[in-house]
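Since the structure comes first, as structure tokens, the remarks are kept for the end.
Rule-based calculations on the coordinates, nothing more; no lab input. Remember, predicted model here, so these are calculated numbers, not experimental data. Glycine gets a Cβ as well: all are built from the backbone with ideal geometry, and neighbour counts include every protein chain shown.
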Amino acid sequence: MLTVAEALKQIQESLSPIAPESVPITEAHQRICRQELRARENSPLFDNSAMDGYALKAEDTLSASKTAPVSLKIIDKIPAGTIASSELSAGEACRIFTGAPTPKGANAVIMQEDTEVQGDIVAIHREVACKENVRFAGEDITTDEILYESGDVLDAGAIGVLAAQGFTEILVGPKPKVAVIPTGDEIVELGQKLEPGQIRNSNAHMLAAQIERSGANATQGAIACDTLDALRQTLNESAKGSDLIITCGGVSVGEFDLVRNIVESEGQKVFWKVAVKPGKPLLFGYFRDTPLIGLPGNPVSAFVCFELFVRPAIEKLMGEKQNQNQFCSATLTQSVKPNKKRTEYLRGVYQIKNGEACVEPHLKQGSGHLRSITHINTLIEIPPGNEVLQTGTRVKIIILKN
Ligand code: AMP
Ligand code: MG
């Protein structure tokens, strides 16, 4: 059996990012940047005032104080969006507002709270340092500086900076098309009456939500019955136009678990079985040329394996460079008995208590216990072992992007 890390590595190495597309900046939020984006211009573009006040020459204000103010002549008024009409000379000041270009000849701005105006004379109540309250051209960003690289996530800050730089179209990773195929003779679509022994198709809806949350588009395939023909037909339909197929159920060792057979005969099996709990029978391969991840049918296994394997796979398809699971550490608030052979991922709640990161596993951890995926925000990694992990043990957790 592969370890979780080995399995993930095999998935990541098999997949390559899909060809990028150009989108308007209004659609670029949360997408993966797929080009190097360099600053087109300085930011700020021109020297400007950081305050509402008066632009002046700092050397004119030497030893100015409230009791012995320096008087300067106001020669101009510069609201934001305009420019000064003349250059400033010694003994002069310009009324200026935040964001307005500082006039030639000025090297500082005094805030209006430190002045007093009478007619066209402003009394300066304190000494002003050269460069004070001036935002200089290029002090924030200089032309040609790298802003984002291929693989970076375009977050809200990125959208702000790129809009400020005048970018209207950006090359990004497309949203992968991920087909979800539930399998099982007992599975019934929502809204239909359940006959004895049948259960609702909850997984497909849960997985579609996880897919959308990962930045991909989910398409729902029909529920495939547990026959080779039915499975082959549904997979055939779903493979068309999909970047990735996710099946759930039918990957275990029972006689009705046929997904692996189909993958072996109509494509390629890359691996089957991972030393993970829940989710041991995880399958990865290809149906014809389309990559396929076969998730176990138990809802909790499907949920956990999606987070461990499918989300990073989707991130890889989008071209995200940070496409590994991100771990941090937290303190267990309960003791935990590890599995002897498999790395276990307990569902739990992470929170800060008295300044310390703590994590509490859900009480019910069975792979059939749907309760354990409610009101959680983390997966707790418990490496295989024989020793009980006592309360207070530091463990690794994955914070869910739920
Ligand atoms: P399997 O791996 O096909 O043996 O399925 C394992 C368990 O998961 C069984 O109890 C199935 O009924 C259940 N299961 C499979 N598919 C789904 C689904 N789409 N929604 C909810 N439960 C499912
Ligand atoms: Mg089944």
**Request:** Compare ASP243, ASP120, ASP289 in a GNM of the chain, Cα atoms joined below 10 Å, and give the one with the largest fluctuation.
**Result:** ASP120
**Asked** Suppose every K and R has +1 on its Cβ and every D and E has -1 on its Cβ; what is the size of the dipole of the chain about the Cα centre, in Debye to the nearest 20?
**Response** 1620 debye
**Asked** Given the rule -39500 (n - 2.57) for each run of at least 4 DSSP H residues, summed and divided by the residues of the chain, what is its mean residue ellipticity at 222 nm, to the nearest 500 deg cm²/dmol?
**Response** -5000 deg cm²/dmol
**Asked** Say a site is exposed when it is one of the chymotrypsin sites (Phe, Trp or Tyr not before Pro), sits in a DSSP loop, and has at most 15 other Cβ atoms within 10 Å; what is then the longest site-free stretch of the chain?
**Response** 257-402
**Fill in**
Expressed in nanometres to one decimal, the distance between label points 7 Å along Cα→Cβ at GLN322 and PHE46 is 3.7 nm
**Request:** Treating cross-link reach as a plain straight distance, find the lysines whose alpha-carbon is under 17 Å from the alpha-carbon of LYS131, omitting any fewer than eight places away in the same chain.
**Result:** LYS57, LYS104
**Prompt:** Do you know the relative contact order of the stretch 180-220, to the nearest whole percent, from alpha carbon pairs under 8 angstrom that are 6+ apart?
**Reply:** 40 percent
**Asked** So, in nm, how far is label LEU228 from label MET1 when the simple model puts each one 7 Å beyond its Cα toward the Cβ?
**Response** 2.8 nm
**Item:** Simple spin-label estimate for ALA90 and LYS73 in nanometres, 7 Å along Cα-Cβ
**Value:** 1.4 nm
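Which net charge results for the neighbourhood of PHE287, defined as the other residues with beta-carbon distances under 12 angstrom from its beta-carbon, given Lys and Arg at +1 and Asp and Glu at -1? Walk me through the numbers on the way to the answer.
Numbers: positive: ARG232, LYS240, ARG260, LYS269, ARG288; negative: GLU237, GLU264, GLU266, ASP289.
Around PHE287, the charge tally is +1.
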**Asked** So which GluC sites (Glu not before Pro) in the stretch 218-296 pass both tests, a DSSP loop state and at most 10 other Cβ atoms within 10 Å of the Cβ?
**Response** GLU255
**Request:** May I ask you to compute the full-extension gain from GLN334 to VAL188, defined as 0.36 nm times their residue separation minus their alpha-carbon distance, rounded to one decimal in nm?
**Result:** 48.8 nm
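For the stretch 28-82, which trypsin sites (Lys or Arg not before Pro) are in a loop by DSSP, counting at most 12 other Cβ atoms within 10 Å?
Working: sites: ARG31, ARG34, ARG38, ARG40, LYS57, LYS66, LYS73, LYS77; in loops: ARG31, ARG34, ARG40, LYS57, LYS66.
The qualifying sites are LYS66.
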**Prompt:** Which part of the stretch 90-104 falls in the paramagnetic zone of LEU62, meaning amide N under 16 Å from the point 7 Å along Cα-to-beta-carbon?
**Reply:** 90-92
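Test of understanding: what is the full-extension gain from ASN377 to ILE199, defined as 0.36 nm times their sequence separation minus their Cα-Cα distance? All intermediate terms of the calculation are to be shown ahead of the outcome.
Values: separation 178, 0.36 × 178 = 64.08 nm, distance 2.66 nm.
Working it through step by step, the gained length comes to 61.4 nm.
What percent does the relative contact order of the stretch 138-277 come to when contacts are Cα pairs within less than 8 Å and at least six residues apart? List each step's numbers first, then the result.
Working: 153 pairs, mean separation 35.3, N = 140.
Computed over the stretch 138-277, the figure is 25 percent.
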**Item:** Zero-based 10 Å bins, Cα pair distances in the stretch 1-136, whole percents
**Value:** 12, 31, 15, 10, 10, 10, 8, 3, 0
**Fill in**
Per GNM of the chain with C-alpha springs under 10 angstrom, the most fluctuating residue out of VAL117, VAL310, VAL188 is VAL117
**Fill in**
Note on the chain: contact order normalised by length, alpha-carbon pairs under 8 Å, 6 or more apart, percent, works out to 16 percent
